[in-house]
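The values are calculated or read from the model by the stated rules, or taken from the named source; none is laboratory data. Fair warning: this is a prediction, and the values are worked out from it, not measured in the lab. Glycine gets a Cβ as well: all are built from the backbone with ideal geometry, and neighbour counts include every protein chain shown. Heavy atoms of the whole protein, side chains included, go into the accessibility calculation; ligands, DNA and RNA do not. Shrake-Rupley method; radii C 1.70, N 1.55, O 1.52, S 1.80 Å.
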Amino acid sequence: MCGRLEVLLDGMKGLLDPLFDQPLSIQTNLDLRPTDPVTVLSSTDGELITTQQSWGIQPEWSKKLIINAQAETAAEKATFARAFEQHRCIVPCSGWFEWRDEGKAKKQKYRFSHAANKPLFMAGVIYPELKQLVTLTIKPNDKCAQYHHRMPLFIPSTAISSWLNDTPEQVSELIQALPDKWIKVSAA
């Protein structure tokens, strides 16, 4: 689920800088993949900071890279609980990709973006000692469910400060899918 992101700086920067009252240093990447560096927003002592993190972790017990965690249970799972409590983050992006088997020799790739071409703020957790992050997923809205059984968790721009600074109990209400009308889907 959501193993590719799109970070398109054109158009995003003009919307992001005023939202955060500071210029953000974000690199365009039209096909961001696991292990690639990605710009994330986090908070230290209530102050917004940007850092580069590598997408994915590989705990000693795991045979493969973990790039996503279920937002509904991340606060309880040993692998994610500490990061969820202390190091939540936002990954600004312009979209994400999913592939769907449509009975052809090759799966069809689909691009998901904001219907009004606004930035999306994907939720994640950081492992600062490793400079790595895991993005969070949830059960999909009706539109996204046609393509995949999970979708990224997105935080509304008005709730970013809460997501980054409040307690896990306080942010639990933010763990919900974007409405269908906010999502645009196109063949990629």
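Key figures for this structure:
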{"quantity": "When residues of the range 144-184 are limited to those that are basic (K, R) and over 15 Å from C2 (Cα atoms), the one nearest to the chain's Cα centre (by Cα)", "calculated": "K184"}
{"quantity": "Residues (assigned to a helix (DSSP H, G or I), open to solvent by 50 Å² or more (accessible area, probe 1.4 Å) and not basic (K, R)) located in the range 75-126", "calculated": "E85, Q86"}
{"quantity": "Residue check, S43 open to solvent by less than 40 Å² (accessible area, probe 1.4 Å), more than 17 Å from L136 (Cβ to Cβ) and at pLDDT 90 or above", "calculated": "no"}
{"quantity": "Sole residue being at pLDDT below 70 and open to solvent by 70 Å² or more (accessible area, probe 1.4 Å), chosen from P37, P23", "calculated": "P23"}
{"quantity": "Residue list for the range 49-74, restricted to those being among the hydrophobic types (A, V, I, L, M, F, W, C) and either open to solvent by 40 Å² or more (accessible area, probe 1.4 Å) or under 21 Å from E169 (Cα atoms) (or both)", "calculated": "I49, W61, L65, A69, A71, A74"}
{"quantity": "Residues that are in contact (Cβ under 8 Å) with a residue 60 or more places away in the chain, in contact with a strand residue (DSSP E or B) (Cβ under 6 Å, 6 or more places away or on another chain), basic (K, R) and open to solvent by 40 Å² or more (accessible area, probe 1.4 Å), drawn from the range 129-188", "calculated": "K131, K184"}
